[in-house]
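*Asks:* Sharing a structure below in structure tokens format, with a few things to ask.
Just so it is clear, none of the values below were taken in a lab; they were calculated from the coordinates. Predicted model only: the values in this text are computed from it and were never measured. Neighbour counts are summed over all protein chains in view; Cβ atoms, including those assigned to glycine, are modelled from backbone coordinates with ideal geometry.
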């Protein structure tokens, strides 16, 4: 860590991690709703809908707080300048975390905007906007004053601005349901397949430069290409959500063609990461951070690229749309693309924030956390996929009633629940490990060129 | 690849996609009114949408396939359930779903809210969305109408249905009263014995459902109605 204000990232990471734990616990309850019969008296007080709103909003909140923390860590190092208003950054954390907690408590009492994933009530939306403005002003002014322009900064700032602008489109009430969904996707799709990809690509490029020592020019050149392909396929690819909502028929063509190309930029990201890793000037240390980075890149491709492609063509989507197939894709894609990236950044930054010599740390428990969580989410996604294929065939192709077609699915939801237990255990290990991180025990020479000795660490 | 080419790919790719997307957005807006029958988007329908959002219905159900996947899709709820059946589910889910392994919360809706939501679902059911979802496809209803007409000539059950004017409330194919549950829908869930038993005293099976009892029909007549309805289920795909 080179700059004092990078330390602001730390409280962001802590809050994000605690919300992450809460999110996955609520996830277990959701799975329980699917395989067990919840009595009417419980459903009346705490219905599935409330728990789902909490699960998804906590996800978005903690991922965004993680991205913000990562940005505060990255910006001073990239711009070679302290953050402009460090106190504002703390106030922003208090505001956003407070708004998030107020929203979750509100959901429990039925206070909601009532639109999936955008449940945060409109008055609280205004506080979110204030928080976003504080963030953009802080980062923007720092970048402008520093005048050390890099593509990484541009991609990050562009993604964050894009993200904030799109949030505004999700606030108004729309009379017409079709128009409502049309713009709902501007928030949901253009976030995860647009703005968030810009942020993720920038953070990945930064991590690759720092961890491999590969030249900035090389990394950033490929960053341009990745971003170009992400936006080329991602923006018009929004059309794959417009097939069945009452929009014109040409969206079947536009959505089908552009979204079929969406795996390519992710594949390029995999190839770039592999190439930069091969050309690295530094050893693969700490190995756990590397495990997270590579695991994330691979599962990003599998979850978002392959699982997404599997049901994006209109001929297939006609039958799979709005089924558990979407759930399967959603879980693996979010985990691979954004959860693992956040955790990679936390693992990369924590030793520096804590001032450990050589940026190494005691990794042991962290490996358990990674494998428990990753295999858990993978198994969960595969269980949802089986449930989704069953639902697609029984309900959509055969034409069975929804509740009859759901019967055999309950078993697979129980299998998903068992994997969910592994995920909760894994997340608990990760969070505990990150929050109590200890310096690497076997590092004798903290000075830079000591790869051989560090390599003696148990993996 | 040079950095210049890389930059060109970035700006070229982004602007092509963005321009196409914005142009199509403008055109889509021009077509929305016709495709969604916006002229029928009355104040009551909009109030229904507000009530629907206030009670967070969309975080269990999907509508147009979007939302949560815990409960049935509502895109064609109006054409498959009919007004009275939707009302009953909204007013007293604890009775309507007493046998179900998945429950719906009692939302304590006002009478007005119930009416508004019904109007909203009626409007949604008319949206022209490339005939999605497949399980409630228009084509499928029409096919079953053809089946019924063919069966009516030979089925004693069809004659009883005609005589008792069941289609004054229930739907079958493209005809019916839009008040009670669609026959094809019953066919998917119930067998002929159950239907015959239900006809004798609907209140016993579905308290508060408001359907008249048919004790004056003989067991054989009621069973023939049951067989007719049960035969409407599609056992194997499209």
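*Asks:* Listed highest first by mean packing, meaning other Cβ atoms within 10 Å per residue, what order do A:208-216, B:3-11 come in?
*Replies:* On the way: A:208-216: 18.3, B:3-11: 15.0.
Ranking, from highest mean packing down: A:208-216, B:3-11.
*Asks:* Here's something else I'd like to know. Largest first and to the nearest Å, give the Cα extent of the stretch B:137-230 along each principal axis.
*Replies:* 35, 28, 21
*Asks:* Which Rg and Dmax, in Å, describe the Cα atoms of the protein assembly as shown?
*Replies:* 27.7, 96
*Asks:* Roughly how crowded by other chains is peptide B:47-53, in terms of the mean Cβ count from those chains within 10 Å of each of its Cβ atoms? It would help to have the intermediate numbers written out before the result.
*Replies:* On the way: counts 0, 0, 7, 3, 1, 3, 7.
What the average comes to for B:47-53 is 3.
*Asks:* Further, regarding this structure: For the stretch A:5-77 and the stretch A:300-347, what is the centre-to-centre distance using only Cα atoms, to the nearest Å?
*Replies:* First find each Cα centre; the distance between them is then 18 Å.
*Asks:* Would you mind computing, in nm to one decimal, how far apart the modelled labels at residue B:125 and residue A:25 are, each placed 7 Å from Cα along Cα→Cβ?
*Replies:* 4.4 nm
*Asks:* Quick one: if the Förster radius is 35 Å, what FRET efficiency do residue A:215 and residue A:315 give, using the C-beta to C-beta distance and rounding to 0.05? All intermediate terms of the calculation are to be shown ahead of the outcome.
*Replies:* Working: r = 45 Å, r/R0 = 1.29.
Between residue A:215 and residue A:315 the formula returns 0.20.
*Asks:* To test your reading of the geometry: what angle, between 0 and 90 degrees and rounded to tens, separates the Cα axis of helix A:48-79 from the longest principal axis of chain A?
*Replies:* So the inclination is approximately 20 degrees.
*Asks:* With each run of n ≥ 4 DSSP H residues scored as -39500 (n - 2.57), what mean residue ellipticity at 222 nm is computed for chain B after dividing by its residue count and rounding to the nearest 500 deg cm²/dmol? Intermediate values should be presented prior to the final figure.
*Replies:* Numbers: 12 runs with 133 residues, N = 238.
Taking each H run of at least 4 residues, the total per residue is -17000 deg cm²/dmol.
*Asks:* Over 18 Å, how big is the tail of the calculated P(r) for the stretch A:162-220, in percent of all Cα pairs?
*Replies:* Values: 859 of 1711 pairs.
Counting pairs separated by more than 18 Å, the tail of P(r) holds 50 percent.
*Asks:* Further, regarding this structure: Describe numerically, in nm with one decimal, the distance between label points set 7 Å from Cα along Cα→Cβ at residue A:18 and at residue A:109.
*Replies:* 2.1 nm
*Asks:* Right, something else. Treat each spin label as a single point 7 Å out from the Cα along the C-beta direction, and report the residue A:280 to residue A:298 distance in nm.
*Replies:* 1.5 nm
*Asks:* Hey, another quick one. Any chance you could check the Cα centroid distance between the stretch A:258-286 and the stretch A:189-222 for me, in angstrom?
*Replies:* 10 Å
*Asks:* Please average, across the residues of A:229-242, the number of beta carbons from any other chain that are within 10 Å of each residue's own beta carbon, and give a whole number. Could you put the intermediate results ahead of the total?
*Replies:* Numbers: counts 5, 4, 8, 10, 2, 4, 10, 8, 2, 4, 4, 0, 2, 4.
If you average over the peptide's residues, the count of other-chain Cβ atoms is 5.
*Asks:* Under the 0.36 nm per residue contour assumption, what length would be gained going from the current alpha-carbon distance of residue A:174 and residue A:435 to full extension? Walk me through the numbers before you get to the answer.
*Replies:* Values: separation 261, 0.36 × 261 = 93.96 nm, distance 4.33 nm.
So the chain would gain 89.6 nm between residue A:174 and residue A:435.
*Asks:* Suppose a student asked you for the relative contact order of the stretch A:1-146, using Cα pairs under 8 Å spaced at least 6 residues apart; what percent would you report?
*Replies:* Working: 148 pairs, mean separation 47.7, N = 146.
Here the relative contact order equals 33 percent.
*Asks:* Between residue A:4 and residue B:201, how high is the FRET efficiency from 1/(1 + (r/R0)^6) when r is the Cβ-Cβ distance and R₀ = 56 Å? Nearest 0.05. Can you show the working numbers first?
*Replies:* On the way: r = 79 Å, r/R0 = 1.41.
So, using R0 = 56 Å, E works out to roughly 0.10.
*Asks:* Ok, one more. Let's test the formula: R0 of 60 Å, r as the Cβ-Cβ distance of residue B:8 and residue B:219. What FRET efficiency results, to the nearest 0.05?
*Replies:* Details: r = 80 Å, r/R0 = 1.34.
Computed FRET efficiency for residue B:8 and residue B:219: 0.15.
*Asks:* Three principal axis extents, largest first, for the C-alpha atoms of the stretch A:248-344, in Å?
*Replies:* 53, 24, 15
*Asks:* Using the Kirkwood radius built from alpha carbon pairs, what does the Stokes-Einstein equation give as D for the stretch A:1-149 at 25 °C and 0.890 mPa s, in µm² per second? Each step should come with its number before you reach the end.
*Replies:* Working: Rh = 16.7 Å.
This corresponds to a translational diffusion coefficient of 147 µm²/s.
*Asks:* Something else now. Let me know the volume per residue of the alpha-carbon convex hull for the stretch A:53-120, in Å³.
*Replies:* Working: hull volume 5.3 nm³, N = 68.
Per residue, the Cα convex hull of the stretch A:53-120 comes to 78 Å³.
*Asks:* While we're here: Rounded to the nearest angstrom and ordered from largest down, what semi-axes does the equivalent ellipsoid of the stretch A:11-73 get from its C-alpha gyration tensor (root of 5λ)?
*Replies:* Working: eigenvalues 180, 17, 12 Å².
Equivalent ellipsoid of the stretch A:11-73: 30, 9, 8 Å, largest first.
*Asks:* Given the stretch A:116-274, report the % of alpha carbon pairs whose separation exceeds 26 Å.
*Replies:* Values: 4669 of 12561 pairs.
Within the stretch A:116-274, distances greater than 26 Å cover 37 percent of Cα pairs.
*Asks:* Over all directions, average the projected area of the Cα convex hull of the stretch A:106-161 and note it in nm².
*Replies:* Values: hull surface 19.2 nm².
For the stretch A:106-161, the mean projected area of the Cα convex hull comes to 4.8 nm².
*Asks:* For Cα pairs less than 8 Å apart in space and 6+ apart in sequence, what is the mean separation divided by the residue count of chain B, i.e. the relative contact order in percent? Mind dumping the intermediate values first?
*Replies:* Numbers: 300 pairs, mean separation 42.8, N = 238.
Computed over chain B, the figure is 18 percent.
*Asks:* Residues of the stretch B:175-195 with amide nitrogen under 15 Å from the 7 Å Cα-to-Cβ point of residue B:143?
*Replies:* B:184-185, B:188
*Asks:* Still on this model: Using the Kirkwood formula over every pair of different C-alpha atoms, what hydrodynamic radius in Å results for chain B?
*Replies:* Details: mean 1/r = 0.0489 Å⁻¹.
So the Kirkwood estimate lands at 20.4 Å.
*Asks:* Under 8 Å for C-alpha pairs, at least 6 residues apart: give me the relative contact order for chain A, rounded to a whole percent. Write out the running numbers ahead of the final one.
*Replies:* Values: 651 pairs, mean separation 70.6, N = 459.
15 percent.
*Asks:* Moving on to the next point. Using helices alone, what [θ] at 222 nm do you get for chain A, with -39,500 (n - 2.57) per DSSP H run of 4 or more residues, divided over all residues and rounded to the nearest 500? Each step should come with its number before you reach the end.
*Replies:* Working: 20 runs with 326 residues, N = 459.
Calculated from helices alone, the mean residue ellipticity at 222 nm is -23500 deg cm²/dmol.
*Asks:* For a label point 7 angstrom out from the Cα of residue B:23 toward its Cβ, which stretches of the stretch A:217-240 have the backbone nitrogen within less than 20 Å?
*Replies:* A:229, A:231-240
*Asks:* Across all directions of projection, what mean area in square nanometres is found for the Cα convex hull of the stretch B:38-132? List each step's numbers first, then the result.
*Replies:* Working: hull surface 24.0 nm².
Taking a quarter of the hull surface, the average projection is 6.0 nm².
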